[in-house]
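Values quoted throughout were computed directly from the atomic coordinates according to the rules given, and no laboratory measurement underlies them. Just so we're clear, the structure is a prediction, and the values are computed from it rather than from any experiment. Cβ placement follows ideal geometry from the backbone for every residue including glycine, while neighbour counts extend to all protein chains displayed.
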Amino acid sequence: MYTQDVYFWRAGAIATVVFMCVVLAALTIDTLRQISPGGARVPSYDVINSAVTYQYDTSRGEYLPKIGGEELIFGHRYTEDEASTLIAKGKLVIQSRACIDCHTFFGNGGYYAPDLTRAWMDPVWAISPGPKRAERLAKFLTNPLRLGARPMPNLKIRRDEAEAVVAYLKWLSSVDSNGFPDRFGAPGAN
Amino acid sequence: MYRAQRLGLKYLAASTVIFGAMIIFGLLASIYYVRPGFLLNTFNFSTAKIVHINGLVIWLLMGFIGAIYWFLPQEFEREVVGIGLAEVLFWVLCASVAVVIAVFIFVQYGAANEWSMWFINQGRKYVEAPRWAAIVISVTAGVFAYNVIATCVAARKATGVVTVLIADLVPLVVLYLDAFPEISNMSQDLFWWWWLVHLWVEATWEVLIGCIMAWTLMHLVGASRRVVESWLYVEVALVLGTGILGLGHHYFWIGTPRYWFAIGGFFSALEPLPLLGMIVHAVYDAGERHLQAANRPAFYWTLAEAFGNFLGGGVWGFMMTLPQINLYSHGTQWTASHGHFAFWGAYGCGVISVLYLAIAQSRGNQRLDGAAWKWSFAMLNVGMVGMTGALLVAGIDQAFYERAIGGSTWNAYLSMQGRPWFNESMWARLLFGLMFACGFAVLAYDLITIPKRQQADAVEEATAAAGS
């Protein structure tokens, strides 16, 4: 009987795996196209020159980042190349200090400290409008104060490194992450 | 005994030592939750976590490699090709692991430059090891794959288990190359990072442990090769058939398109199927043998692997895999609960099973029964179930109060950490973690004293025989 034939099951396994790999490859090509900077879902790095907010989108039924008019950080308008260099530096700071082993990005990471996906627009920094928010964040990174029950260590982040991280967090907050996190900073939320 | 088997025992011993180290750093990491500010600026939570999770990857990987070096020469009835090189690399790998752990502990982090990436910490979860160490791991994995393939070629024979193993080793080695990139775009970085983490853990590692458990069942209970190999192919079809596109459940929120909701949700909901098949078989086998086998520790750990894989990987994963639930559960202690249970059930129990099997075989299949293994079995499993239960309660609390009600802001997160249910869960996790650590201590005692106990048994038997 064919079900007792090992080769029958082997052929089934090979066919299944090959089919799934082909589908994954096709989806990967499309996904990478959409999540490249400047693609359909990930704004280009010079978005750091614009206001970014998080609003409920009735057509999609979820919260989405909205890109507004000009809102500079650290009093500087970055060209596309400058922004790209600054974002690369911000990512290197984030990796060198292993931020992801305490915090989470898009929910991935250490679970020991707040998620950083929308940290740029967090109400905790919103006491000041746009330009001052960047300054407050940079100061916090270079000299972390105790916020609530979970103190952040001083990771010896230099001023220039902190500015790169702030730029990175602003760009990160502009990525369309399908409504994650839900109701972030919404009226009535904590 | 073949040289490869001696090397396999060394790998299994080293993996047990690293298992112990990762438990110590896991316990340390759990203290930060109940004592905020613990060792602040001296030894931060992130460092304890890095050693804990990298220790996890290395102890399991070394356990798998040790198991395969143990079984492979028996499969082909010949020495493994290139064993000399593999022996050298074992010591290189051990030295590298020691240096990396020392750097993590004493240097911790560096400035934002390439030096830090190459020599201190790459800062990507699970693959924090600096690039030079990642190269050592890649070379070791490459030589290991060469050992298996070249031995198969030299023996002019390819059994079903070895065919699957070879097909699995190729993606295992290739996917690890994803440990090196430094991509600015977090969406793309996480997209590729999940290829490594998910396609290792929920695909290639599942197949690898499937091969190891296939050999274990043949050696432990004399299972028929035809039946085991047929099941292995079915498992490959189901694990990879659901697991490859099950990758999509990690692509809900990282900036990737919405079609991953349907693809990831559907295929990851099917991921428990192969694990369910395993458990049905395990229950059938256990019942047929009335829970008896010559090597009871190995047999019980094999059963624990089937149950743990199904519960930790299957049920716990299914609970939070649909996007409508995952929106709130993702990135909370709920995820940590699933991670602990799944790694333990799917892989940890399997490695311990092989450990007992290899020790028994290396000592002429003497019986390993006694009280110590039962205590360690009970404490390790109850400790793990307790930890995952506590983390689940904390995670559900977070999903409701911090995520759904609080809106995931910093304030919502920080006030959540002070809630009684959350804190009580963290204390419970620490206490069950201590139980787990005690279970490991008894396991280590049992493994270390087996030769001494067997000598004493032999003397007793000889005395009794002389007396009669």
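For helix B:420-467, report the angle its Cα long axis makes with the longest principal axis of the Cα atoms of chain B; keep it between 0 and 90° and round to the nearest 10°.
For helix B:420-467, the angle is close to 10 degrees.
If you stretched the chain out fully between A:Leu72 and A:Cys21, how much longer would it get, using 0.36 nm times the residue separation minus the C-alpha to C-alpha distance? Walk me through the intermediate numbers first.
Numbers: separation 51, 0.36 × 51 = 18.36 nm, distance 4.42 nm.
Here the answer is 13.9 nm.
Select from B:Leu12, B:Gly160, B:Ile279 the residue farthest towards the positive end of the dipole of chain B; place +1 on Cβ of Lys and Arg, -1 on Cβ of Asp and Glu, and compute about the Cα centre.
Highest projection toward the positive end goes to B:Leu12.
May I have the convex hull volume per residue, in Å³, for the Cα set of the protein assembly as shown?
Working: hull volume 102.8 nm³, N = 658.
In the protein assembly as shown, the Cα convex hull volume per residue is 156 Å³.
Quick check: net charge around A:Val6, other residues with Cβ under 12 Å of its Cβ, Lys/Arg +1 and Asp/Glu -1? Kindly include the intermediate steps, with their values, before the conclusion.
Numbers: positive: A:Arg10, B:Arg225, B:Arg226; negative: A:Asp5, B:Glu229.
Charge balance near A:Val6 sits at +1.
Grab the other residues whose beta carbon is less than 11 angstrom from that of B:Met1, score K and R as +1, D and E as -1, and report the net. Don't skip to the end; give the middle numbers.
On the way: positive: B:Arg3, B:Arg6, B:Arg363; negative: B:Glu79.
Around B:Met1, the surrounding residues sum to +2.
Taking the Cα centre of each part, how many Å lie between the stretch B:191-222 and the stretch B:227-303?
Cα centroid of the stretch B:191-222 versus Cα centroid of the stretch B:227-303: 10 Å apart.
Summing Lys, Arg as +1 and Asp, Glu as -1, what charge do residues with Cβ under 14 Å from the Cβ of B:Gly246 carry, B:Gly246 excluded? Can you show the working numbers first?
Numbers: positive: none; negative: B:Glu202, B:Glu206, B:Glu271.
Residues close to B:Gly246 contribute a combined charge of -3.
May I ask for the distance between the Cα centers of the stretch A:3-64 and the stretch B:94-161, given as a whole number of Å?
Using only Cα atoms to place each centre, the spacing works out to 28 Å.
For the stretch A:45-172, what percent of Cα pairs sit more than 22 Å apart?
Values: 2777 of 8128 pairs.
Tail of P(r) above 22 Å: 34 percent of Cα pairs.
For A:Asp115, what residues show an amide H to amide H distance below 5 Å, using hydrogens built from the backbone and excluding near sequence neighbours?
A:Thr104
So for the stretch B:1-157, averaging the separation of alpha carbon pairs under 8 Å that are six or more residues apart and normalising by length, what relative contact order in percent results? All intermediate terms of the calculation are to be shown ahead of the outcome.
Numbers: 169 pairs, mean separation 44.1, N = 157.
Dividing the mean separation by the residue count of the stretch B:1-157 yields 28 percent.
Residues with amide H under 5 Å of A:Asp57's amide H, sequence separation 5 or more or different chain, H placed in the peptide plane at 1.01 Å from N; which?
Excluding prolines and chain starts, which carry no amide H, the hits are A:Glu62, A:Tyr63, A:Leu64.
Place +1 on the Cβ of every Lys and Arg and -1 on the Cβ of every Asp and Glu in the protein assembly as shown, take the dipole about the Cα centre, and give the residue among A:Ala186, B:Val315, B:Gly210 whose Cα lies farthest towards its positive end.
A:Ala186
Place a +1 charge on the Cβ of each Lys and Arg in the stretch B:271-462 and a -1 charge on the Cβ of each Asp and Glu, then give the dipole magnitude about the Cα centre in debye, rounded to the nearest 20. Show your work: numbers first, answer last.
Numbers: 10 positive and 12 negative charges, 40 e Å.
Dipole magnitude for the stretch B:271-462 comes out near 200 debye.
Output needed for the stretch B:1-157: three equivalent-ellipsoid semi-axes, defined as square roots of 5 times the C-alpha gyration tensor eigenvalues, in descending order, whole Å.
Details: eigenvalues 243, 58, 21 Å².
Equivalent ellipsoid of the stretch B:1-157: 35, 17, 10 Å, largest first.
Specify the residue with the greatest mean-square fluctuation among A:Asp30, A:Asp101, A:Asp160, computed from a Gaussian network of chain A linking alpha-carbon atoms under 10 Å apart.
Judging by the Gaussian network model, the answer is A:Asp30.
Starting from the Kirkwood Rh over alpha-carbon pairs, what translational D in µm² s⁻¹ does the stretch B:189-326 have by Stokes-Einstein at 10 °C and 1.306 mPa s? Display every interim value, and only then the final one.
Numbers: Rh = 15.8 Å.
Answer from the Stokes-Einstein relation: 100 µm²/s.
Rg to Rh ratio, the stretch A:77-132, alpha-carbon atoms and Kirkwood radius? Before the final figure, lay out the partial values.
Numbers: Rg = 13.3 Å, Rh = 12.8 Å.
Checking Rg against Rh, the ratio lands at 1.04.
Applying the Karplus parametrisation 6.51 cos²θ - 1.76 cosθ + 1.60 with θ = phi - 60° to the phi angles of the stretch B:183-196, what ³J(HN,Hα) value in whole Hz is obtained for each residue in order, glycine and proline being reported as x?
9, 5, 6, 4, 4, 6, 4, 5, 4, 6, 4, 5, 4, 5
Evaluate the Debye formula for chain B with equal point scatterers sitting on the alpha carbons, no solvent, and hand back log10 of I(q)/I(0) at q = 0.08, 0.10, 0.12 Å⁻¹, in q order, two decimals.
So the normalised log intensities are -0.47, -0.75, -1.11.
When the dipole is taken about the Cα centre of chain B, and only Lys, Arg (+1) and Asp, Glu (-1) are charged at their Cβ, what size is it in debye, to the nearest 20? Could you put the intermediate results ahead of the total?
Working: 24 positive and 26 negative charges, 73 e Å.
Result for chain B is approximately 360 debye, rounded to the nearest 20.
Between the helical axis of A:80-96 and the dominant principal axis of chain A, each derived from Cα atoms, what acute angle in degrees is found, rounded to the nearest 10?
It works out to around 80 degrees.
What are the trypsin sites (Lys or Arg not before Pro) within the stretch B:134-229 that DSSP puts in a loop, where the Cβ has at most 14 other Cβ atoms within 10 Å? Spell out each step's value before the answer.
Details: sites: B:Arg156, B:Lys157, B:Arg225, B:Arg226; in loops: B:Arg156, B:Lys157.
Hits after loop and neighbour filter: B:Arg156, B:Lys157.
Lysine pairs, Cα distance under 19 Å, 8 or more residues apart or cross-chain: how many in the protein assembly as shown?
15
About its Cα centre, what dipole magnitude does the protein assembly as shown give when the only charges are +1 on Lys and Arg Cβ and -1 on Asp and Glu Cβ, stated in debye to the nearest 20?
900 debye
Output the 0 to 90 degree angle, nearest 10, between the alpha-carbon long axis of helix B:45-76 and the longest principal axis computed from the alpha carbons of chain B.
Orientation of helix B:45-76: about 30 degrees from the principal axis.
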